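Comments concern the structure below.
The values are calculated or read from the model by the stated rules, or taken from the named source; none is laboratory data. Since this is a predicted model, take the numbers as computed values, not measurements. Cβ: placed from backbone, ideal geometry, glycine included. Neighbour counts: every protein chain shown. SASA here: full protein model, heavy atoms, side chains in, ligands and nucleic acids out. Shrake-Rupley method; radii C 1.70, N 1.55, O 1.52, S 1.80 Å.
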Amino acid sequence: MRTPEHAPPRSAFRRRTGRLLGAGIATTALLAGGGLITAAGAANAAGDPDFGPNVTIIDPSWSTDRINTTLAGLADEPEFSENRHAVLFKPGSYGSAAGQDDPLNATDIVNADVGYYTSIAGLGGQPGDVHINGSLHVEPVQGSATEPWNANDPGSLTRFWRSMSNLQINPIQRPIGADAARAHPEGVVEQPHAFRWAVSQAAPMRRMDIQGGITLFGRYGAFSSGGYLANSKVAGTVYSGSQQQYFTRNSEIGNWEGGVWNMVFSGVEGAPAPTYPGPRVEDPMIVPNTVVEQTPLSREAPFLTVDEHGAYSLFAPNAKRDSRGVDWGTSEADGRRIPIDQVHIAKPGDSTSSINDALAAGKHLVLTPGIYETAEPLRITEPGTVVLGMGMASVIPTAGNRAIEIADVAGVQLSGITIDAGLQESDKLIEVGPTGSSADAASDPTTLTDVFVRIGGHHAGKAETSIEVNSDDVLLDNIWAWRGDHGNGIGWDSNTGAHGVVVNGDDVTATGLFVEHYQQEQTIWRGERGRVVFYQNEIPYDPPTREAWTDGTGNGYEAYAVDPGVQEHHATGMGVYSYFIQDGPILDDAITAPERPGVRFERIVTRFLNGNGEISHTINGVGDVVHGVAGEETHWLPAYPVG
């Protein structure tokens, strides 16, 4: 099978070299209004909240050229920039649909790259309230100007930290800027009515109505790995191509083509048929598709809206169990409408004490785009508090403190936040409930959505544990805990981090859990009745020796460890991948778990990416070795216990 854009067959993608080594609202249909515009650095329009200089608010009076010029000015941030941006579209229609059948010659379309640390969102109550003719797209890094089809690295492996949500897009894409001048531009999408979103982790699309197709990888087959799509409709085909693992949740799709090792669908209308290869089958015609018919627990991300009178609010969706398909409801049965005067709008430079005072007084919180350095944690103590980060807002602890502490209360929603470990080591970066938490929050679970943690990369940093969950009934949705493998402050003794995620609470659910490169057990699960749908892990690239990466009882540390005392646990759609730079390191078992009927795993893949060493077994001594021997780089285990 060839990809839809004339890239090499998927078998060419199979070996990669690692990532750069180194309760309510009743909202009516919203009307589009004109008036003054909030641009970056400009005064707010009358009635608009003061979101600060890093938020651009666009309304239908803007010309298409002005929109494209503004977006182009935000698209060139480097991977570890300190700048942050949010772009909000007021309800209305943008761009012209006249060229939709001939995209390479289309004019007057909204057509812009979405760069690092940029979040683009519509302000409507429904995605269709903001209609865009054009493309807000992400292209890969092109490895070769003359033969990009022979240079797949890095491609999209580092296309992180950006997002798009709550928009309706009529896809019309053509190459722009410097890319348009290339001999082989990436911005060409050869099939009409489609656009490109070639990303990896920490680049979610949510609450999107796409009136065509999406291609999730570069035009010439560049590597991509680890994307996330939720609560969205795609009328056409999703071309996943070189995506080595991908998670789609509670969506509706017309068709799905491609994929490599680990395509997971949960509560998706139109998902492909479940397929799974034999233990060693490497057939480009067989895509490993894991399909979960209903998502056991879901809660969509909170979002900002503006009504026909110009009044802003924050909508906080309710949690749902055993759900399927999209959930765009904004009635009283679907969630809470929080007027903006009940929200504390924080800006970079605000004191932590002022933010905590607002939270303690019962205010909800919006962190506008920027970096927030704190010598004490942000403390979320009131049940039902909503905290929304705009533009990948980043929190950095500066005194060995935690970044965020959530009390053992129900209904907290934390969304859109990035945490960077500080130079002084923290014991934890995010704590959900103190040790010994026991509150019953089953009807209103505390939820973390699009929360991304980094140790190193932006700067040197240290933290023993990135996220610890002690409360019961918590939902983790699209979480990436990352000990950096490239960027600033990277080294085995420099950006130290033992564990990515530790779960001590009972009845905790994770949908879309990405944990990578930590130095000991990367995920530890001690709570009962844990449920995981999609787990992506890369074990650390950089153990200097076998002896440096063991507690002396065996080789290496597990990517996922369920405590021996756990009676019930269920995980579906898991991938563990190795790339040891140095010779010597070996991992005995990717996963360890107690052997009892209540502990179940389904659809596990282990993969040797490149380098040295091996993963000897998948789980508890079961599963064949993966290493650099031809034909033995990948192993699929359909279920554990076997049979």
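Observations on the model:
- Set of lysines with alpha-carbon distance to Lys462 below 19 Å, sequence-local pairs under 8 removed: Lys428
- A 1.4 Å probe run over the protein chains yields, for the chain, 31 Å² of accessible area per residue, whole-number rounding.
- In segment 262-296, GluC sites (Glu not before Pro) in a DSSP loop with at most 10 other beta-carbon atoms within 10 Å: none
- Our note on the geometry: Cα centres of segment 539-617 and segment 156-227, 33 Å apart.
- Toward the positive end of the charge dipole of the chain, with +1 on the Cβ of Lys and Arg and -1 on the Cβ of Asp and Glu, the farthest Cα among Ala510, Pro78, Ile210 is that of Ile210.
- Anisotropy class of segment 166-320 from Cα gyration tensor, a/c 1.5 cut: oblate
- Computed lengthening from Glu147 to Ala180, 0.36 nm per intervening residue step minus Cα-Cα distance: 10.3 nm
- The chain - percent of accessible surface contributed by carbon and sulfur, probe 1.4 Å: 49
- Estimated distance in nm for a label pair at Thr398 and Gln294, the labels positioned 7 Å out from Cα along Cα-to-Cβ: 5.0
- Each Lys and Arg contributes +1 and each Asp and Glu -1, all at the Cβ; summed about the Cα centre of the chain, the dipole is approximately 960 debye.
- Each Lys and Arg Cβ is given +1 and each Asp and Glu Cβ -1; about its Cα centre, segment 213-307 then shows a dipole of about 200 debye.
- Ellipticity estimate at 222 nm from DSSP helix runs (n ≥ 4, -39,500 (n - 2.57)) divided over the chain, nearest 500: -1000 deg cm²/dmol
- Convex hull (Cα only) mean projected area of segment 261-314, reported in nm² to one decimal: 6.4
- Relative pair counts by distance (%), Cα atoms of the chain, 10 Å bins: 3, 17, 29, 29, 16, 5, 0
- Each of Gly128, Tyr276, Ala360 was scored by the projection of its Cα onto the charge dipole of the chain, and the greatest displacement toward the positive side belongs to Gly128; charges sit on the C-beta of Lys, Arg, Asp and Glu.
- Segment 468-529, relative contact order in percent, only Cα pairs under 8 angstrom and at least six apart counted: 44
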